[in-house]
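Have a look at the structure below, then the notes.
The values are calculated or read from the model by the stated rules, or taken from the named source; none is laboratory data. In this text, all values refer to a predicted model and were calculated from it rather than measured experimentally. Cβ sites come from the backbone with ideal geometry, for glycine too, and all protein chains shown count toward neighbours. Remember, those area values only see protein heavy atoms, side chains included, never the ligands or the DNA or RNA. Shrake-Rupley method; radii C 1.70, N 1.55, O 1.52, S 1.80 Å.
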Amino acid sequence: MATKDSLPVKTAQQMAIDGDQPPSKYIFNNNTIYANFGPLETSPPFAPVPIIDVTRLSSTSDQNDRKTELAKLRSALTTWGCFQAVNHGLADSYLDNIRQVINQFFQLPLEKKRKCLRETGSVEGYGNDMTYDENQVQDWCDRLFLRILPEDERQLRFWPENPSKFRETIDDYTNKIKSLSVILFEAMAKSLDLEENCFAKYFTEERDVLQGRFILYPPCPTPDKVLGLKAHSDRSGITLLLQDPGVEGLQVLNDGKWYNIPVIRDALFVNLGDQMQIMSNGIFKSPVHRVVTNTKKGRISVAMFTEPEPNKEIGPVDALVDEKRPRVYKTVKNYAVFNHECFQKGVVALDAVKI
């Protein structure tokens, strides 16, 4: 038995290796609060999520091309709240190296990974998520969660020293993700005919936050009963997700139906978070999503979350509030902590900040 808010005696990865059946605390059923988002479907249809060419979003691109791509981006974020970003400047070989370094960490013996073990009461580190309730359903995954930016706030005791290139690899990837995030935030603003820096100044300045969630979803013998990651919306501005090309697993909820997200090897899956839904006054959508398990294959996921510095106040942009579209959300501060607690309790944080 695991004690409250501690690493289980066996991680999901070790149970998968040993061929164990998932314990009851991992079982998703209609009696749990997470069933509010509908039944567990392991093979719904693939989502026709738009593919956005990042090079065409640039102000230096052909203006007709840019106008077309910005309209496509707005459509993607108002209907799905997500898109597949291609031509983003990161080569296939570069992305493969990111996946490889993360996978190398998860393949280490448990005693070496324990050096990065999450501490009681902290979200950072290796292991499982914090436990708020004894009835809380656990995710079938092992994860390493790190606060990457601001750099002077890094808790380096949670950063792996093995593999030896972990830190320099994540540092380099961080710089590229931050640059890409600026482009995307500026494009989102332009798609709504707003000042270009309208969103970026809340998420990409020096003291703003970037967090990394590196996850291994092991194979599971009962995929119709166990979730890799519970249904939730992201608390971030945007999340940039590098998926494992080997197997699908990510699903999004749209109009009450679940859809599989196809894996495109050279794409980054961009998911809009709650704080951008708030700032857009509900025009953009922060989609509910989850991860289902697979009986035969595990998968690696690399998610980078952009968030404002905690003391920044986030609210609907004034230019998006008028008589036709009144203000939908309150102004909030430190939304990340509030959202995290709601997620663990199965509560929808956005509903709690509506006017």
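Of all residues in region 120-179, exactly one satisfies the criterion of being open to solvent by 60 Å² or more (accessible area, probe 1.4 Å), without any contact (Cβ under 8 Å) to a residue 60 or more places away in the chain and touching a helix residue (DSSP H, G or I) at 6+ places or on another chain (Cβ under 7 Å), namely ASN162. Within region 83-100, residues that are within 17 Å of ILE52 (Cβ to Cβ) have Cβ atoms under 6 Å from residues that are polar (S, T, N, Q) in these pairs: ASN87/THR55, counting only partners at least 6 apart in sequence or on another chain. Condition check for PHE338 on (1) open to solvent by 50 Å² or more (accessible area, probe 1.4 Å); (2) part of a loop (DSSP other than H, G, I, E, B); (3) closer than 30 Å to ILE27 by Cα; (4) not β-branched (Val, Ile, Thr): one failure, at (2).
Considering (1) modelled with pLDDT under 95; (2) within 11 Å of the chain's Cα centre (by Cα); (3) not small (Gly, Ala, Ser), the lone condition that LYS296 does not fulfil carries the number (2). Elements of the type helices (runs of 4 or more DSSP H) sitting completely within region 101-216 and holding at least 3 residues that are hydrophobic (A, V, I, L, M, F, W, C): these cover 166-191.
Listed residues VAL328, VAL347, VAL302; which is more than 30 Å from ASP266 (Cβ to Cβ) and crowded, with 18+ Cβ neighbours inside 10 Å?
Of the residues listed, the single one that is more than 30 Å from ASP266 (Cβ to Cβ) and crowded, with 18+ Cβ neighbours inside 10 Å is VAL328.
Per this entry, ALA71 is counted among residues that are assigned to a helix (DSSP H, G or I) and within 23 Å of VAL270 (Cβ to Cβ).
Counting the residues of region 4-57 that are at pLDDT below 95, farther than 18 Å from LEU110 by Cα, aliphatic (A, V, I, L, M) and buried (at least 16 other Cβ atoms within 10 Å of the Cβ) gives 2. Of all residues in region 321-353, those satisfying the criterion of being at pLDDT 90 or above and either small (Gly, Ala, Ser) or under 14 Å from GLN275 (Cβ atoms) (or both) are VAL328, TYR329, LYS330, THR331, VAL332, LYS333, ASN334, TYR335, LEU350, VAL353.
Under the condition of being open to solvent by 70 Å² or more (accessible area, probe 1.4 Å), out of contact with any Pro (no Cβ under 6 Å at 6 or more places or on another chain) and modelled with pLDDT of 95 or more, the residues counted in region 93-111 number 3.
For region 208-248, the set of residues classified as under 20 Å from GLN21 (Cα atoms) and either of a type in the set (Gly, Ala, Ser) or open to solvent by 30 Å² or more (accessible area, probe 1.4 Å) (or both) consists of PRO219, PRO221, ASP224, LYS225, GLY228, listed by residue number.
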